[in-house]
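To start, the structure itself, in structure tokens.
The values are calculated or read from the model by the stated rules, or taken from the named source; none is laboratory data. Note that the structure is predicted; figures quoted are calculated from it, not measured. All Cβ positions, even for glycine, are placed from backbone atoms using ideal geometry, and neighbour counts span all protein chains on display. Heavy atoms of the whole protein, side chains included, go into the accessibility calculation; ligands, DNA and RNA do not. Shrake-Rupley method; radii C 1.70, N 1.55, O 1.52, S 1.80 Å.
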Amino acid sequence: MAAMQKNTLKYSAVVFLGGASYGVMAATIKCALAEGFSWTQTAASQAFFGALLFAVALAALTVLGKRPVPLSPKRVLSLLGLGLATCTTCVLYNFALTMLPVSVAITLLFQFTWIGIVFQVVATRRKPRLAEIVAAAVILGGTLLASGLFSNTVGHLDPLGILCALLSAVSCATFMFLSARVGCDLPPIERGLVVCLGACILGFAVCPDYFSSGALQAGIWKYGLILGVFGLFVPVVLFGIGTPHLSAGLSTIMASSELPCGIAISVLVLSEPVDALQTAGIAVIMLGVAVSQLPNLLPQGASARFRKKRLQ
């Protein structure tokens, strides 16, 4: 039991870091848009540089003597599909950011916390744990505060932007759900490369003139590199390591680290104001993450009694 608790905490921390890496995306995309690049170019850049990073890493491992694992066409297709799911999130989120403030867009994306629990219930027919339900409720409450939705400066919100941001939440929850089930036994770097190639399919579909447009020469590569690292390379590797060992509900809860990280970076990079309510919201989100881990933080005997009580 103690070993199981320790493993859950370890893999939860891995997913937490993967979610935090997503927090870099919003500010980076906003900076790219401010420099005149289109949302389609930023989406394609993320997919391209993500694949490039994985290709370089795989080449380095091959030089060091680690040969890639042979993949069947079925496995390749499933991993490409996983890449399409994560790039769908990127495309929808990038488009939403052209119409919504960062705080609002990231809040709507954040609905993947409870959507992931719904996926878990539907797929496994297992009721969510009490700690997961309480944590999701606490995190959603904190999200509303941290988003700045109660601020008078939010103004009119574009309905299309709201729809795209909500759909990005659905695709994000889908990616995290499938990430725990597709190609988990493969080496992370090889798996990540195929996933990113799937992302490239959609990325270049929305921006077919990416290479001929001159965006790379104009400097989008620096934003693409950041998005590739923090929007694909790091989360794909970390989610691939952590999510197979956690429930879908707990995985999405731990990935909620994206919001406080995203808001903090927006303050530092974009100088977006943060009021007392938003600060309180970030603290509430961290409380929700702690609640989700309560059964694993309790001593072994207390944890067993907690689980027993939950099942009664």
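Here are some notes:
- If you go through the range 263-289 and keep only what is of a type outside the set (A, V, I, L, M) and closer than 15 Å to Ala27 by Cβ, you end up with Ser266, Ser271, Glu272, Pro273.
- Only one entry in Gly23, Gly83, Gly18 is under 24 Å from Tyr223 (Cα atoms) and either in contact with a Pro (Cβ under 6 Å, 6 or more places away or on another chain) or of a type in the set (D, E, K, R) (or both), namely Gly18.
- Top-ranked residue of the range 148-178 - restricted to ones that are of a type outside the set (Ser, Thr, Tyr) and at pLDDT below 80, ranked as least open to solvent (accessible area, probe 1.4 Å): Gly148
- Among the residues making up the range 66-89, those that are open to solvent by 60 Å² or more (accessible area, probe 1.4 Å), in a helix (DSSP H, G or I) and either touching a Leu at 6+ places or on another chain (Cβ under 9 Å) or closer than 20 Å to Val56 by Cα (or both) are Arg75, Leu84.
- When residues of the range 284-302 are limited to those that are open to solvent by 60 Å² or more (accessible area, probe 1.4 Å) and within 24 Å of the chain's Cα centre (by Cα), the one modelled with the highest pLDDT: Leu287
- So Phe95, is it of a type in the set (Phe, Trp, Tyr), out of contact with any Lys or Arg (no Cβ under 6 Å at 6 or more places or on another chain), open to solvent by 50 Å² or more (accessible area, probe 1.4 Å) and part of a helix (DSSP H, G or I): yes
- Selection status of Leu145, at pLDDT below 75 and more than 20 Å from Leu238 (Cα to Cα): no
- Subset of the range 206-217 (residues that are open to solvent by less than 40 Å² (accessible area, probe 1.4 Å) and out of contact with any Ser or Thr (no Cβ under 9 Å at 6 or more places or on another chain)): Gly214
- Count of the range 112-122 residues which are open to solvent by 60 Å² or more (accessible area, probe 1.4 Å) and among the aliphatic types (A, V, I, L, M): 2
- Close contacts from the range 227-254, counting a first residue that is open to solvent by less than 10 Å² (accessible area, probe 1.4 Å) and a second that is outside any helix (DSSP H, G or I), with Cβ to Cβ under 7 Å and a gap of 6+ residues or different chains, come to Thr243/Ala180; Gly249/Pro128; Ser251/Ala180.
- When residues of the range 28-56 are limited to those that are farther than 22 Å from Val237 by Cα and of a type in the set (A, V, I, L, M), the one most open to solvent (accessible area, probe 1.4 Å): Ala34
- Taking the criterion of being of a type in the set (Gly, Ala, Ser) and open to solvent by less than 10 Å² (accessible area, probe 1.4 Å), the residues of the range 190-205 that qualify are Gly192, Gly198, Ala199, Gly203.
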